[in-house]
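Engineer: Below you'll find the structure I mean.
What follows is calculated from the coordinates using simple rules that are stated; it is not laboratory data. No experiment lies behind these values; they were computed from the predicted model shown. All Cβ positions, glycine included, derive from the backbone under ideal geometry; neighbour counts span all protein chains shown.
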Amino acid sequence: MLSYQHAYHAGGPADLHKHAALAELLAALTAKPRGISYAETQAGRGLYDLAGAEALKTGEAAAGIGRAAPGADTPFGRALAAVRAAHGADAYPGSPLVARALLRPQDRIVLMELHPAEHAGLVAALPAGSAEIHRRDGYEGVLALAPLRPRRGLVLVDPSYEVKDEYAAAAGFVLRLARKWPEASVLVWYPLLPAGREAELVGRLGPLGPLIDEVVFDPAPARGMYGSGLALVNAPHGAAALLARARAQGGGVLRHRGA
Ligand SMILES: C[S@@+](CC[C@H](N)C(=O)[O-])C[C@H]1O[C@@H](n2cnc3c(N)ncnc32)[C@H](O)[C@@H]1O
């Protein structure tokens, strides 16, 4: 869906959960010198202004990163600091800039974004030549390129879930990708909404044995999205501890579901 704009939600509680987890996973995957591949199916524009009209309108950033202060020694804290140093104190990194801040010259970054303005923003936000950026349907594009080389790597799946078919589409993509690129870890973000549609996504991923990490937001919003979920397929060694570290960076905003 191309009406969605992530600028209204950037830095919100769900981004905190997703971006801290992404940063922990990328730091772990790059612990050894060998290069990795990192791909995104829905990249967004990469760089957000938390003093901009969109962020101020929803107040989500104030409820999210505005209440959390990821430690300077954490991968997410390092990415945040690098982006603020380059773009100012109100800048917030989308997932592509989190990855760019943590990956090394030997790593490969492939980003898909279909919306023309978001794609143009993404091209402007990243140094020329630092990532392969496609204006292309993310599922079609990543499947066409898979398996990426280096074959060790991570794919982030981050749809806007504006229509209910997107849960099945995300799961269908991951099942196909797992056959084409079995070495890849895949991190799928999903919202927790009163309608409970995430059950379809999690259920369809069941045969791949995903690691599930769900948080509810504190305080609970009066309506709408009340939490955030991550399904990690082909989880790297030690991933459960990494996801717990990510949650802990939420400054009390993220409460482990069921805990
Ligand atoms: C939730 S946002 C991405 C946020 C980003 N991953 C982050 O964490 O900073 C979803 C993005 O997917 C884009 N999008 C929607 N349909 C798409 C498609 N079929 N292929 C690629 N991108 C798409 C939207 O324009 C939007 O920018």
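Engineer: What whole-number distance in Å separates the alpha-carbon centres of region 7-84 and region 165-179?
Structural biologist: 24 Å
Engineer: Let me ask something additional. Sequence-distant or interchain residues sharing an amide H contact under 5 Å with Gly227, placed H: which?
Structural biologist: Leu192, Phe217
Engineer: Here is a follow-up. Cα to Cα, under 23 Å, and not fewer than 8 places away if on the same chain: which lysines meet these conditions relative to Lys164?
Structural biologist: Reachable lysines: Lys18.
Engineer: Charges only on Cβ, +1 for Lys and Arg, -1 for Asp and Glu: so what's the dipole of region 99-184 about the Cα centre, in debye to the nearest 20?
Structural biologist: On the way: 12 positive and 11 negative charges, 108 e Å.
That gives a dipole near 520 debye.
Engineer: Right, here's the next one. Apply the Karplus parameterisation 6.51 cos²θ - 1.76 cosθ + 1.60, with θ equal to phi minus 60°, to every residue of region 84-96 and state each ³J(HN,Hα) to the nearest whole Hz, in sequence, with x for glycine and proline.
Structural biologist: Result, ordered by residue: 5, 5, 7, 10, x, 5, 8, 6, 9, x, x, 4, x Hz.
Engineer: Going Cα to Cα from Lys32, which aspartates and glutamates come in below 15 Å? Please leave out same-chain ones fewer than 8 positions away.
Structural biologist: Within reach: Glu24, Asp107.
Engineer: Report, ordered by chain and residue number, the aspartates and glutamates lying within cross-link reach of Lys180, taken as a straight Cα distance under 13 Å and ignoring same-chain residues fewer than 8 apart.
Structural biologist: Result set, ordered by chain and number: Glu140.
Engineer: What residue among Pro150, Pro219, Pro182 has the largest mean-square fluctuation in a Gaussian network model of the chain, using Cα springs under 10 Å?
Structural biologist: Pro219
Engineer: Next question. Please compute the length gained on full extension between Ala69 and Arg176, using 0.36 nm multiplied by the number of residues separating them and subtracting their Cα-Cα distance.
Structural biologist: Values: separation 107, 0.36 × 107 = 38.52 nm, distance 3.76 nm.
Length gained, Ala69 through Arg176: 34.8 nm.
Engineer: Follow-up question, since we're still on this one. For the chain, what's the relative contact order in percent, using C-alpha pairs closer than 8 Å and at least 6 residues apart? Walk me through the intermediate numbers first.
Structural biologist: Details: 502 pairs, mean separation 63.5, N = 259.
Across the chain, relative contact order equals 25 percent.
Engineer: For region 109-259, calculate the relative contact order in percent as a whole number, restricting contacts to Cα pairs under 8 Å that are 6 or more residues apart. Don't skip to the answer; put the middle values down first.
Structural biologist: Working: 210 pairs, mean separation 28.4, N = 151.
Dividing the mean separation by the residue count of region 109-259 yields 19 percent.
Engineer: Considering the options Val188, Pro159, His119, tell which one lies farthest towards the positive end of the dipole of region 102-208, charges being +1 on Lys and Arg and -1 on Asp and Glu at the Cβ, about the Cα centre.
Structural biologist: Value computed over the given set: Val188.
Engineer: Rounding to the nearest 20 debye, state how big the charge dipole of the chain is about its Cα centre with +1 on each Lys and Arg Cβ and -1 on each Asp and Glu Cβ. Could the numbers behind the result be given before it?
Structural biologist: Values: 27 positive and 24 negative charges, 150 e Å.
With only Lys, Arg, Asp and Glu charged at Cβ, the dipole is about 720 debye.
Engineer: Turning to a different aspect of this structure: Quick one: net charge around Pro96, please, counting Lys, Arg +1 and Asp, Glu -1 for every other residue with C-beta under 10 Å from its C-beta. If you can, show how the numbers build up before the last one.
Structural biologist: Details: positive: Arg45, Arg100; negative: Glu40, Glu113.
Counting the neighbours of Pro96, the net charge comes to 0.
Engineer: Using θ = phi - 60° and the Karplus curve 6.51 cos²θ - 1.76 cosθ + 1.60, what whole-Hz ³J(HN,Hα) does each residue of region 55-68 get, with Gly and Pro shown as x?
Structural biologist: Couplings: 5, 5, 5, 8, x, 5, 5, 4, 7, x, 4, x, 9, 10 Hz.
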